[in-house]
1. Restricting attention to segment 129-145, report how many residues are surrounded by 17 or more Cβ atoms within 10 Å (Cβ to Cβ) and more than 21 Å from Asn11 (Cβ to Cβ).
2. Can you tell me how many residues in segment 104-123 are part of a strand (DSSP E or B) and either aliphatic (A, V, I, L, M) or modelled with pLDDT under 95 (or both)?
3. Restricting to segment 67-88, name every residue that is within 17 Å of Val44 (Cβ to Cβ), assigned to a helix (DSSP H, G or I) and more than 15 Å from the chain's Cα centre (by Cα).
4. Which of (1) in contact with a Lys or Arg (Cβ under 6 Å, 6 or more places away or on another chain); (2) in a helix (DSSP H, G or I); (3) not β-branched (Val, Ile, Thr) does Gln17 not meet, given it meets every other one?
5. Six or more apart or on different chains, Cβ atoms under 8 Å: show the pairs whose first residue is in segment 115-142 and at positive phi and whose second is modelled with pLDDT of 95 or more and in a helix (DSSP H, G or I).
6. Going through Leu130, Leu113 one at a time, which residue ends up being in contact with a His (Cβ under 8 Å, 6 or more places away or on another chain) and not acidic (Asp, Glu)?
7. Just to verify a result, which residue in segment 124-145, among those that are in contact with a helix residue (DSSP H, G or I) (Cβ under 8 Å, 6 or more places away or on another chain) and part of a loop (DSSP other than H, G, I, E, B), is nearest to Met30 (Cα to Cα)?
8. Within segment 61-71, how many residues are exposed (fewer than 10 other Cβ atoms within 10 Å of the Cβ) and either at pLDDT below 95 or touching a Leu at 6+ places or on another chain (Cβ under 9 Å) (or both)?
Amino acid sequence: MKLYLDNCCFNRPFDDQSIVRNRLETEAKMHVQNQIQKGVHELVWSYILEYENSENPHHDRQTSTLKWKSIAVTHCTQTQAIVAKARELESKGIRSKDALHISCALKSEADYLLTTDDKMLSKTIEGIRLINPIDFVREEAKYDD
């Protein structure tokens, strides 16, 4: 499967791990990344992910996320079609950066977009499943049985 992880998903390990939700999402995200490294899933990288990461004031977080660029199988660059789709998504109440992430994931034919952003998770987008890393691992486990 092709997976797109957004910036908040990549950064979950840096959030307060004394909060149970953060710790569980971190464990699930780390499992997903391990599966990507093993070649079980393919990672999608995008220009908006790289841009948003470059805006992170914490160098350690930037470095941690950027290393995944070289592991990604698909690299999505900005096109007029991606921007147009993002504008369409924005008109449905999706924030601009989130719309660009979703548009890139769609263009790259990702099967899932993993995020820890509740507002983004509340949206239903035709062509891709927006999912929390915990729920993704739970679904993935169903197929292992």
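The values are calculated or read from the model by the stated rules, or taken from the named source; none is laboratory data. Nothing here was measured: the structure is a model prediction, and the numbers come from that model. Positions of Cβ are backbone-derived with ideal geometry, glycine not excepted, and every protein chain shown enters the neighbour counts.
1. Here the count works out to 1.
2. Count: 2.
3. Of everything in segment 67-88, those that are within 17 Å of Val44 (Cβ to Cβ), assigned to a helix (DSSP H, G or I) and more than 15 Å from the chain's Cα centre (by Cα) turn out to be Ser70, Ala81, Ile82, Lys85, Ala86.
4. It is condition (2) that Gln17 fails.
5. Once the first residue is at positive phi and sits in segment 115-142, its partners that are modelled with pLDDT of 95 or more and in a helix (DSSP H, G or I) give Gly127/Leu106.
6. Leu113
7. Asn132
8. 0
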